[in-house]
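J.: I am attaching a structure below and will ask some questions about it afterwards.
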Amino acid sequence: MTGDLRGVGIEIAHALAARLGVEVLPVEYSTPPKVMECLNAGACDVAFLGIEPSRITEVDFSPPFMQVDWTYLVPAGSSIRSVADADRPGVRIAVVRNHAMDLALSRILNQAEPVRVETPDSTFDLLRTGHADVQAGVRPALLEYSTQLPGSRVLEDRYGANSVAMAVPKGRAKRLAYISDFVEEAKASGLVQRAIECAGLRGALVAPPGNFNAQK
């Protein structure tokens, strides 16, 4: 859908559009697979996605511009104090289906049960209503959700990290090279840091500079 979207990605998209001398036409999709469908159908020129190994066969990624932890939110009175504490029989972990956080979680869980839904708000609803014992998510979002659930806690440790990058369809080498150069310049110039601060994302960090070969 289109609309008045906000966030780090939107700020970076506006900076890229200004550099190119074009207008930004933001489009929002509910799930990462739909974002990749948009790219590969030619309906989108560039997208913002977490870098995940299973996606590298479908799209090409720029270097990451931002990193955020994947961790857990637990309700008041929970005995879970660490990520390891949550992986035990009977623990239900709400997570967004097919998100990079879900794919990473599926690789580490041995005993807890993932409860998959379509949106972050839905994972919070499961926790809030007692239909899940833990909410998985990115730290900045969980910190915001915690303000809506008195006594809840965001765990200090993490089960992984989301490296967020710009993605382009496969086979667009020139576009990828241009986007990759832009991302590195945006990090070096302070643009990404300013976008994070403007969005109020507590717990988000600018990704370090350097070579990145996820698209190969």
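J.: Helix-only estimate, please: 222 nm mean residue ellipticity of the chain, summing -39500 (n - 2.57) across DSSP H runs of length 4 or more and dividing by its residues, to the nearest 500. Spell out each step's value before the answer.
T.: Numbers: 8 runs with 78 residues, N = 216.
Per the formula, -10500 deg cm²/dmol.
J.: Using the Karplus curve 6.51 cos²θ - 1.76 cosθ + 1.60 with θ = phi - 60°, what ³J(HN,Hα) values do you get for each residue of segment 154-159, in whole Hz, with x for Gly and Pro?
T.: 8, 5, 6, 8, 9, 10
J.: Determine the gain in length on full extension of the stretch Arg194-Val22; use 0.36 nm per residue of separation and subtract their C-alpha separation, reporting nm with one decimal.
T.: 59.7 nm
J.: So, one more: Need the full-extension length gain, Glu37 to Arg116, defined as separation in residues times 0.36 nm minus the C-alpha distance. One decimal, nm.
T.: Answer, rounded to one decimal: 26.4 nm.
J.: Please give the FRET efficiency for Ile56 paired with Tyr29, using the beta carbon to beta carbon distance and R0 = 22 Å, rounded to the nearest 0.05.
T.: Approximately 0.70, to the nearest 0.05.
J.: Still on this structure, please answer the following. For Lys174, go through the aspartates and glutamates and keep the ones whose alpha-carbon is under 15 Å away, minus same-chain ones fewer than eight residues off.
T.: Within the straight-line cut-off, Lys174 pairs with Asp45, Asp60.
J.: Let me ask another. About the Cα centre of segment 1-136, how large is the charge dipole given +1 on each Lys and Arg Cβ and -1 on each Asp and Glu Cβ? Please answer in debye to the nearest 20.
T.: 320 debye
J.: Another question about this same structure. At Arg92 and Ala177, where each label point lies 7 Å from the Cα along Cα→Cβ, what is the point-to-point distance in nanometres?
T.: In this crude label model, Arg92 to Ala177 measures out at 5.2 nm.
J.: Still on this structure, I have one more. Let me know the shape class of segment 67-160, please: from the alpha-carbon gyration tensor, a ≥ b ≥ c as square roots of the eigenvalues, rounded when a/c is under 1.5, otherwise prolate if a/b is greater than b/c, or oblate. Could you put the intermediate results ahead of the total?
T.: Values: a/c = 1.23, a/b = 1.13, b/c = 1.09.
Because its axes are fairly even, with a/c under 1.5, segment 67-160 counts as rounded.
J.: Right, something else. Among Val83, Val134, which comes first, second and so on when ranked by fewest other beta-carbon atoms within 10 Å?
T.: Val83, Val134
J.: Based on alpha-carbon centroids, what's the gap between segment 81-138 and segment 37-54 in Å, whole number please?
T.: 25 Å
J.: Just check segment 87-127 against the gyration tensor rule for me: Cα atoms, a ≥ b ≥ c as the square roots of the eigenvalues, rounded for a/c under 1.5, and otherwise prolate or oblate depending on whether a/b exceeds b/c.
T.: The shape class here is oblate.
J.: Expected output is a single nm value to one decimal: the length gained when fully extending between Thr129 and Thr147, i.e. 0.36 nm times separation in residues minus the C-alpha distance. What is it?
T.: Separation in residues times 0.36 nm, less the Cα-Cα distance, equals 4.9 nm.
J.: Count the DSSP beta bridges whose two residues both fall in segment 67-160, then state the antiparallel fraction as a percent rounded to the nearest 5.
T.: On the way: 7 of 14 bridges.
Restricted to segment 67-160, the bridges split so that about 50 percent are antiparallel.
J.: Output the Kirkwood hydrodynamic radius of the chain, Cα pairs only, in Å rounded to one decimal.
T.: The answer is 18.1 Å.
Bear in mind that the values in this text are calculations on the coordinates, not laboratory data. From a predicted model like this one, the values you see are computed outputs, not experimental measurements. Positions of Cβ are backbone-derived with ideal geometry, glycine not excepted, and every protein chain shown enters the neighbour counts.
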